[in-house]
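Student: Here's a structure for you.
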Ligand code: SAH
């Protein structure tokens with residue numbers, strides 16, 4: 001077993017069970033891509049069993065902090081069983097569930113979403129890449145699913161020096177799956193959809209939006225960055241008269257139109273708008289348009305803290321426009337899925353947007369991802385999705 005020695009004083013985060021070691025903290029040792037290594041302190045004390053990533057700044061990701069634990073098939077079986085069992089206890093109101101959420105479930109770099117009978121999986125680190133076949137077999141054995149579609153096409157693979165890979169890993173057939181979420185049905189394409197196919201992390205917030213649209217009597221609803229219209233279906237279910245789904249992806253909008261029909265809503269109540277949200281919001285402002293509810297769910301603008309400043313300006317701008325476009329008493333659901341922007345910072349950004357817009361709002365709720373996208377006490381970096389539900393004063 002190869003040994004990675006940590007620089008004196010740099011072992012603290014591993015001792016606190018944080019799973020990452022950066023290149024700069026390593027005194028000596030090298031291994032192959034994804035190889036299991038023993039990580040130890042400068043004086044030889046065991047710290048962790050880990051996977052080695054020769055090309056990444058995050059050079060080592062811990063599998064286990066227990067010296068007696070072996071990293072083998074049974075280890076992956078245990079971790080998968082534990083993650084799946086906890087999801088069952090979470091009683092997710094959908095047949096679409098995130099079964100494994102990387103570091104939070106003790107398997108750094110592994111993302112597994114279940115869509116009905118199909119698993120859609122991302123292998124995002126050298127460690128899980130090396131154990132891919134074992135993980136695939138154990139996933140099928142534990143879940144009883146029959147098919148795995150691989151979506152290892154996220155850009156973080158490049159940082160690991162791994163190629164982009166997509167396609168059936170186990171089983172085959174149609175890549176389009178009918179997802180039931182709350183009382184809605186949606187069609188998810190695990191091959192063509194974003195990420196693993198769909199944004200499961202917004203499930204709870206869609207249900208909340210439906211409730212709020214009903215409670216506050218919102219009639220005209222603007223869903224910005226709508227993707228396939230999850231929040232639009234929620235708004236219609238909540239009694240909205242008219243909903244606009246705005247996105248720059250034509251295939252996503254085509255699905256949104258399909259979803260309105262699939263859930264039994266009249267086509268006239270929904271408008272699919274293929275546009276740049278930034279330009280459209282400005283145009284609406286110029287024309288004096290107003291809405292009763294607006295959703296802002298932009299893509300990740302700040303993947304890391306280094307992008308935070310530029311992203312902050314972009315978030316502030318769309319939130320300023322969003323607040324100005326609300327009728328008095330109108331509802332704004334505003335999100336950031338940027339790991340580089342903390343919940344506190346996001347709150348400050350939106351507060352700044354309110355100042356610029358000369359609009360005040362009640363903070364009804366702070367929002368986050370569903371509990372099947374967990375963070376843990378030892379891995380705060382796992383917290384990426386944050387949002388605010390605001391009611392214009
Ligand atoms: N709210 C969605 C997820 C949004 S993901 C849901 O609940 O499922 C972000 C979306 O923003 C993507 O669909 C992407 O196509 C779209 N997008 C990115 N930049 C955009 C822009 N400038 N204008 C309009 N849409 C954009």
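Student: Here are the criteria: (1) more than 24 Å from residue 204 (Cα to Cα); (2) surrounded by 19 or more Cβ atoms within 10 Å (Cβ to Cβ). Tell me which single one residue 54 does not satisfy.
Tutor: Only one criterion in (1) more than 24 Å from residue 204 (Cα to Cα); (2) surrounded by 19 or more Cβ atoms within 10 Å (Cβ to Cβ) is unmet by residue 54, namely (2).
Student: Tell me which residues, restricted to region 67-89, are under 22 Å from residue 32 (Cα atoms) and either assigned to a loop (DSSP other than H, G, I, E, B) or touching a helix residue (DSSP H, G or I) at 6+ places or on another chain (Cβ under 7 Å) (or both).
Tutor: 67, 69, 70, 71, 72, 73, 76
Student: Would you be able to tell me the number of residues in region 358-378 that are surrounded by fewer than 19 Cβ atoms within 10 Å (Cβ to Cβ) and more than 15 Å from the chain's Cα centre (by Cα)?
Tutor: 10
Student: Restricting to region 1-34, and then to whatever is in a loop (DSSP other than H, G, I, E, B) and in contact with a helix residue (DSSP H, G or I) (Cβ under 7 Å, 6 or more places away or on another chain), can you tell me which residue is surrounded by the most Cβ atoms within 10 Å (Cβ to Cβ)?
Tutor: So, considering only residues that are in a loop (DSSP other than H, G, I, E, B) and in contact with a helix residue (DSSP H, G or I) (Cβ under 7 Å, 6 or more places away or on another chain), the one surrounded by the most Cβ atoms within 10 Å (Cβ to Cβ) is 19.
Student: Being at pLDDT 95 or above and near the ligand (Cβ under 9 Å from one of its atoms): is that true of residue 252 here?
Tutor: Numbers: at pLDDT 95 or above: yes; near the ligand (Cβ under 9 Å from one of its atoms): yes.
Taking the combined requirement at face value, the residue satisfies it.
Student: Is it the case, given these coordinates, that residue 170 is within 16 Å of the ligand (Cβ to nearest atom), touching a strand residue (DSSP E or B) at 6+ places or on another chain (Cβ under 8 Å), outside the structural domain of residue 383 (by TED's automatic domain parsing) and under 30 Å from residue 32 (Cα atoms)? So that I can check it myself, show each step before the final result.
Tutor: Numbers: within 16 Å of the ligand (Cβ to nearest atom): no; touching a strand residue (DSSP E or B) at 6+ places or on another chain (Cβ under 8 Å): yes; outside the structural domain of residue 383 (by TED's automatic domain parsing): yes; under 30 Å from residue 32 (Cα atoms): yes.
So residue 170 fails the test.
Student: A further question on this structure: If residue 340 meets every condition in (1) modelled with pLDDT of 95 or more; (2) buried (at least 17 other Cβ atoms within 10 Å of the Cβ); (3) away from the ligand (no atom under 15 Å from the Cβ) apart from one, which number is that one?
Tutor: Only one criterion is unmet by residue 340, namely (1).
Student: Please go through region 262-273 and pick out each residue that is without any contact (Cβ under 8 Å) to a residue 60 or more places away in the chain and surrounded by 14 or more Cβ atoms within 10 Å (Cβ to Cβ).
Tutor: Taking region 262-273 first, the residues without any contact (Cβ under 8 Å) to a residue 60 or more places away in the chain are 264-273.
Answer for region 262-273, where residues must be without any contact (Cβ under 8 Å) to a residue 60 or more places away in the chain and surrounded by 14 or more Cβ atoms within 10 Å (Cβ to Cβ): 265, 269, 270, 271, 272, 273.
Student: Among what's in region 281-308 and is in contact with a strand residue (DSSP E or B) (Cβ under 7 Å, 6 or more places away or on another chain) and more than 20 Å from residue 367 (Cα to Cα), pick the residue that is nearest to the ligand (Cβ to nearest atom). Break it down into steps so the answer makes sense when it comes.
Tutor: Here is the first cut: in region 281-308, the residues in contact with a strand residue (DSSP E or B) (Cβ under 7 Å, 6 or more places away or on another chain) are 290-297.
Among the residues that remain, those that are also more than 20 Å from residue 367 (Cα to Cα) are: 290-291.
Values: 290: 20, 291: 16 Å.
Selected residue: 291.
Yes/no matrix, rows are residues, columns are (1) over 21 Å from residue 280 (Cα atoms); (2) assigned to a loop (DSSP other than H, G, I, E, B); (3) in contact (Cβ under 8 Å) with a residue 60 or more places away in the chain; (4) touching a helix residue (DSSP H, G or I) at 6+ places or on another chain (Cβ under 9 Å):
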| residue | (1), (2), (3), (4) |
| --- | --- |
| 192 | yes, yes, no, yes |
| 204 | yes, no, yes, no |
| 217 | yes, yes, yes, no |
| 231 | no, no, yes, yes |
| 234 | yes, no, no, yes |
| 239 | yes, yes, no, yes |
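Student: Here is a list: 243, 213, 221. Which entry is more than 17 Å from residue 92 (Cβ to Cβ), in a helix (DSSP H, G or I), touching a helix residue (DSSP H, G or I) at 6+ places or on another chain (Cβ under 6 Å) and at pLDDT 95 or above?
Tutor: 213
Student: For the list (1) surrounded by fewer than 15 Cβ atoms within 10 Å (Cβ to Cβ); (2) touching a residue at least 40 places away in the same chain (Cβ under 8 Å); (3) on the phi > 0 side of the Ramachandran plot, I need the number of the one condition that residue 197 fails.
Tutor: (1)
Student: Say whether the condition of being out of contact with any helix residue (DSSP H, G or I) (no Cβ under 8 Å at 6 or more places or on another chain) and without any contact (Cβ under 8 Å) to a residue 12 or more places away in the chain is met by at least one residue in region 250-257. Please lay out each step first, then the result.
Tutor: From region 250-257, those out of contact with any helix residue (DSSP H, G or I) (no Cβ under 8 Å at 6 or more places or on another chain) are 250-255; that's our starting set.
If we keep only those that are without any contact (Cβ under 8 Å) to a residue 12 or more places away in the chain as well, we get none.
Checking region 250-257: not a single residue is out of contact with any helix residue (DSSP H, G or I) (no Cβ under 8 Å at 6 or more places or on another chain) and without any contact (Cβ under 8 Å) to a residue 12 or more places away in the chain.
Student: Considering only residues of region 213-235 that are more than 14 Å from the ligand (Cβ to nearest atom) and buried (at least 21 other Cβ atoms within 10 Å of the Cβ), which is farthest from residue 330 (Cα to Cα)? Spell out the reasoning first.
Tutor: Initial filter on region 213-235 (more than 14 Å from the ligand (Cβ to nearest atom)): 213-220.
After this cut, where a residue has to be buried (at least 21 other Cβ atoms within 10 Å of the Cβ) as well, the list is 213, 218.
On the way: 213: 10, 218: 7 Å.
Step by step, filter region 213-235, then rank; the result is 213.
Student: Checking the conditions here, which among 312, 302, 293 is buried (at least 18 other Cβ atoms within 10 Å of the Cβ), at pLDDT below 95 and touching a helix residue (DSSP H, G or I) at 6+ places or on another chain (Cβ under 7 Å)?
Tutor: Exactly one residue qualifies, and that residue is 302.
Student: Pull up region 177-190, narrow it to residues that are more than 17 Å from the chain's Cα centre (by Cα) and not in a strand (DSSP E or B), then point me to the one that is nearest to the ligand (Cβ to nearest atom).
Tutor: For region 177-190, the residue satisfying everything is 182.
Student: Sticking with this structure for a sec: Can you name the number of the only condition in (1) assigned to a helix (DSSP H, G or I); (2) closer than 19 Å to residue 185 by Cα that residue 278 fails?
Tutor: (2)
The values are calculated or read from the model by the stated rules, or taken from the named source; none is laboratory data. Since the model is a prediction, treat every value here as computed from it, not as a measurement. Note that each Cβ is placed from the backbone with ideal geometry, even for glycine, and that neighbours are counted across all protein chains shown.
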